[in-house]
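> Here's a structure for you.
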Amino acid sequence: MKFQIEDVTVYFPYDHIYPEQYAYMLELKRALDAKGHCLLEMPTGTGKTIALLSLITSYVLSKPHNPVKLIYCTRTVHEMEKTLAELKLLHNYQTTHLGDRAKILAVGLSSRKNLCVNPRVLAAENRDSVDAGCRRLTASWVRAAAAANPNVPTCEFFEEYERAGSSAVLPPGVYTLQDLRAYGKKKGWCPYFLARHMVQFANVVVYSYQYLLDPKVAGIISKEMQRESVVVFDEAHNIDNVCIEALSVSVRRQTLEGARRNLNKMRQEIEKFKATDAGRLRAEYNRLVEGLAQRGNLALTDTWLSNPALPDDILKEAVPGNIRRAEHFVHVLRRLVQYLEGRLETENVEKEGPVAFVSSLNTHAGIDQKTLKFCYDRLHSLMLTLEITDTDEFLHIQTICDFATLVGTYTRGFSIIIEPFDERMPHIPDPVLQLSCHDASLAIKPVFDRFQSVVITSGTLSPIDLYPRLLNFHPVVSRSFKMSLTRDCICPMVLTRGSDQLPVSTKFDMRSDKGVVRNYGRLLVEMASIVPDGIVCFFVSYSYMDGIVNSWNESGLLKDIMQHKLVFIETQDVVETTLALDNYRKACDCGRGAIFFSVARGKVAEGIDFDRHYGRLVIMFGVPFQYTLSKILLARLEYLRDTFQIKEGDFLTFDALRQAAQCVGRVIRSKADYGMMIFADKRYSRHDKRSKLPGWILSHLRDSHLNLSTDMALHIAREFLRKMAQPYDKAGGSSSKTLLSQEDVEKMSDGNFNEMLY
């Protein structure tokens, strides 16, 4: 369908549109017109992705004089593929209406592991090994050696791509990762470097959060992106955690041992070069006197991770004299590693700020702040000079230099925390030194400053006013949308007690109580007997899930559950979990029905949909708070309180409830779907906890469903399932439309649009 939103003609590839999609587009257009940032919360399963893509691509078509690039960030490769598939559908629709004028180039970009087509490189098992395998065949010095000696192995796909030169381009179209691999094989070109090259010319780029938020990666991939770009972070409810992880570093004993091995190997290489090619080391020394920015244009294959923290003006400075010579730099790193080893030999937990740490390092090891700042780039320069291609073997020393640069650059927003053992296993010595970032705004600030519009969107952004404070920005539009439904197909309930009227909760003092464990088990047995197909259960942690399943097994409750449905469990192993999910789906498909045990904050809670008969009921056992004794969490809470005036309790509750909402939101993936949600913990009945759930869940949570026991919940579930079995009008009755046709949209003036929506 085709309709007008103010001065923009929107091309939408379906015959009907949901009212909330239309409202979403209106708000999004306001943000684009204002060239500002926005926060939009839209319920899951209401077509958020296609609404975003339709509006932004149509906006560009309506205003050809200022072309805007769309940078769409997803969390997983699976989500990236889904987005590109939607875009393909939209692109076909637009080209049938507008012809060649609507043609665009859209590219998905991922790691070499997902794009490489060279079977020798792909044989490696993990991402770092694939990267190193690629460098072994494509580094500039390897290719130079191959030109002189044909027996040196190179990558035929990369050589073909290089030979094609400027004619190696992608024709217009939408390319998923699969399409890129197929096109690369057909032409004989390397899809990874082709995609990297085409990113700067593409109208739409879809890639992972890390490519914009992790400064090491963003410095290489995203530095070409123009200011006139719209950046979309989809499923962005955890964006603050992604920002923090991008700037945090952990150093363990294994890291330091590996770093020592790396330094020994480097010393041998330097000695070898001194004997055979001293001119190369001298040339590097002269280049460093002029500053890091003068390293010239590196070959695309030689670019390595960019500096995690340094602004451009520092890169133009001369590198400090004490690390210009290769052997001196290795000696400085050796002293740094020795100092860190000494710090790990501690009996007590230690916590200090970057300034105190740097001054102590200067006193004991004689390494000053400026030297630390340049460690990362100096290492990069040395690895290029020594022609090292096995980058996966040098990960340990890279970690140490990453740590050094961050600690030398930032003076606030970070803590160095040294723990001699994990508190949960105090008898096992496992010392770890963590540079932990507390301020999410540090990683995302360059994105807000550089691009004209940043859209942060998800199904769970409640309470929406906390995100601008956490990320330190001012959105021009901040809006939460409700779900327009023809029937109440969502049934949330808060269960506070078992059928014996004893309260249930996963509070620390109650969680191991026999009565609570028994009541949770009875709840599941009863529900398994009346709910058809699939049930998904979320627990607060792996250890709690193990404990409770073990208790159910001993008391025979698990046997009772298994009489109704098969049980599958998520583990920390990805392969096992994938297998369990496949079998869970098979059991639901064949009518046997199944129950899936999962963990909040786990892989399943974040990315797997249990739509249709795969999820008719989801039970959240407990409130998924973080481990509140974690030293890193405590330091972050203190920082948030002092800097942004966010109270500890507010942040912990907000964090726990966004995880709970994320878990229960897995069951509703479209409006034709239906499902029940049980929040099984007495704490959910408190207003301060409950009010932080997303609006689209709260609007269906009736007062009569707030304080239930197991038998009452059972009665409500029976009634709900009976109601859902009745036929219904998909377009909505005369009172409220939930599907709008083209005529409806054209008829609507702004006034009666609001009536229609609410």
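> Collect the residues in the range 713-758 that are in a helix (DSSP H, G or I), at pLDDT 80 or above and of a type in the set (A, V, I, L, M, F, W, C), keeping them in residue-number order. I'd like the intermediate steps shown before the answer.
Going through the range 713-758, the residues in a helix (DSSP H, G or I) turn out to be 713-724, 742-747, 750-757.
The next check asks that each one be at pLDDT 80 or above; those that pass are 713-724, 742-747.
Those that are in a helix (DSSP H, G or I), at pLDDT 80 or above and of a type in the set (A, V, I, L, M, F, W, C): Ala713, Leu714, Ile716, Ala717, Phe720, Leu721, Met724, Val745.
> For the range 274-317, which residues satisfy the criterion of being surrounded by 15 or more Cβ atoms within 10 Å (Cβ to Cβ), outside any loop (DSSP other than H, G, I, E, B), hydrophobic (A, V, I, L, M, F, W, C) and modelled with pLDDT under 80?
Matches in the range 274-317: Leu292, Ile314, Leu315.
> Could you list all residues from the range 1-22 that are of a type in the set (A, V, I, L, M) and in contact with a helix residue (DSSP H, G or I) (Cβ under 6 Å, 6 or more places away or on another chain)? I'd like the intermediate steps shown before the answer.
Taking the range 1-22 first, the residues of a type in the set (A, V, I, L, M) are 1, 5, 8, 10, 17.
Matches in the range 1-22: Met1, Ile5, Val8, Val10.
> Could I ask something else about it? With the requirement that a residue be farther than 29 Å from Arg280 by Cα, open to solvent by less than 50 Å² (accessible area, probe 1.4 Å) and touching a helix residue (DSSP H, G or I) at 6+ places or on another chain (Cβ under 9 Å), what does the range 343-372 give you?
Applying the first criterion (farther than 29 Å from Arg280 by Cα) to the range 343-372 yields 343-365.
Pick out the ones that are also open to solvent by less than 50 Å² (accessible area, probe 1.4 Å) and you get 343-344, 346, 352-354, 356-358, 360-361, 365.
Result: Arg343, Leu344, Glu352, Pro354, Phe357, Val358, Ser360, Leu361, Ala365.
> In this structure, is Gly615 of a type outside the set (Asp, Glu) and on the phi > 0 side of the Ramachandran plot?
Values: of a type outside the set (Asp, Glu): yes; on the phi > 0 side of the Ramachandran plot: no.
So Gly615 does not fit the description; no.
Let's see how each residue does on (1) among the hydroxyl-bearing types (Ser, Thr, Tyr); (2) more than 26 Å from the chain's Cα centre (by Cα):
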{"site": "Ala672", "(1), (2)": "no, yes"}
{"site": "Ser691", "(1), (2)": "yes, no"}
{"site": "Asp703", "(1), (2)": "no, yes"}
{"site": "Phe720", "(1), (2)": "no, yes"}
{"site": "Tyr728", "(1), (2)": "yes, yes"}
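> Evaluate the following for Gln398: is it under 19 Å from Asp214 (Cα atoms) and part of a helix (DSSP H, G or I)?
On the way: under 19 Å from Asp214 (Cα atoms): yes; part of a helix (DSSP H, G or I): yes.
Yes: the conditions hold for Gln398.
> Further, regarding this structure: If you take the residues of the range 401-452 that are free of Cβ contacts under 8 Å to residues at least 40 places away in the same chain and not in a loop (DSSP other than H, G, I, E, B), which of them is least open to solvent (accessible area, probe 1.4 Å)?
Among them, the one singled out is Phe421.
> Going through Ala635, Ala680 one at a time, which residue ends up being open to solvent by less than 30 Å² (accessible area, probe 1.4 Å), touching a Gly at 6+ places or on another chain (Cβ under 9 Å) and not charged (D, E, K, R)? Show your work before the answer.
Values: Ala635 fails: touching a Gly at 6+ places or on another chain (Cβ under 9 Å).
Matching residue, one of Ala635, Ala680: Ala680.
> For residues that are small (Gly, Ala, Ser) and part of a helix (DSSP H, G or I), scanning just the range 692-712, find the one that is surrounded by the most Cβ atoms within 10 Å (Cβ to Cβ). Can you show your working first?
Residues of the range 692-712 that are small (Gly, Ala, Ser), as a first pass: 695, 699, 704, 709.
Then drop every residue that is not part of a helix (DSSP H, G or I), which leaves 695, 704.
Details: Gly695: 17, Ser704: 10.
It comes out as Gly695.
> Here is a further query. Can you say whether Leu461 is outside the structural domain of Asp703 (by the TED database), touching a residue at least 60 places away in the same chain (Cβ under 8 Å), outside any helix (DSSP H, G or I) and out of contact with any helix residue (DSSP H, G or I) (no Cβ under 7 Å at 6 or more places or on another chain), as far as the supplied structure shows?
Details: outside the structural domain of Asp703 (by the TED database): yes; touching a residue at least 60 places away in the same chain (Cβ under 8 Å): yes; outside any helix (DSSP H, G or I): yes; out of contact with any helix residue (DSSP H, G or I) (no Cβ under 7 Å at 6 or more places or on another chain): no.
So Leu461 fails the test.
> Grab the strands (runs of 3 or more DSSP E) fully contained in the range 167-254, keeping just those with 2 or more residues being surrounded by fewer than 17 Cβ atoms within 10 Å (Cβ to Cβ).
Qualifying strands (runs of 3 or more DSSP E): 249-252.
> Let me ask something else. Taking Asp179 and the conditions (1) modelled with pLDDT under 95; (2) among the acidic types (Asp, Glu); (3) over 16 Å from Ser111 (Cβ atoms), which numbered condition does it fall short on, given that it satisfies the others?
Every listed condition holds for Asp179 apart from (1).
> Inspect the range 118-141 for any residue being touching a strand residue (DSSP E or B) at 6+ places or on another chain (Cβ under 9 Å) and assigned to a loop (DSSP other than H, G, I, E, B) and give the result as yes or no.
So in the range 118-141, the residues touching a strand residue (DSSP E or B) at 6+ places or on another chain (Cβ under 9 Å) come out as none.
Within the range 118-141, none of the residues are touching a strand residue (DSSP E or B) at 6+ places or on another chain (Cβ under 9 Å) and assigned to a loop (DSSP other than H, G, I, E, B).
The values are calculated or read from the model by the stated rules, or taken from the named source; none is laboratory data. Small disclaimer: the values here were computed from a predicted structure and weren't measured. No Cβ is skipped: glycine too gets one built from the backbone with ideal geometry, and neighbour counts run over all protein chains shown. Remember, those area values only see protein heavy atoms, side chains included, never the ligands or the DNA or RNA. Shrake-Rupley method; radii C 1.70, N 1.55, O 1.52, S 1.80 Å.
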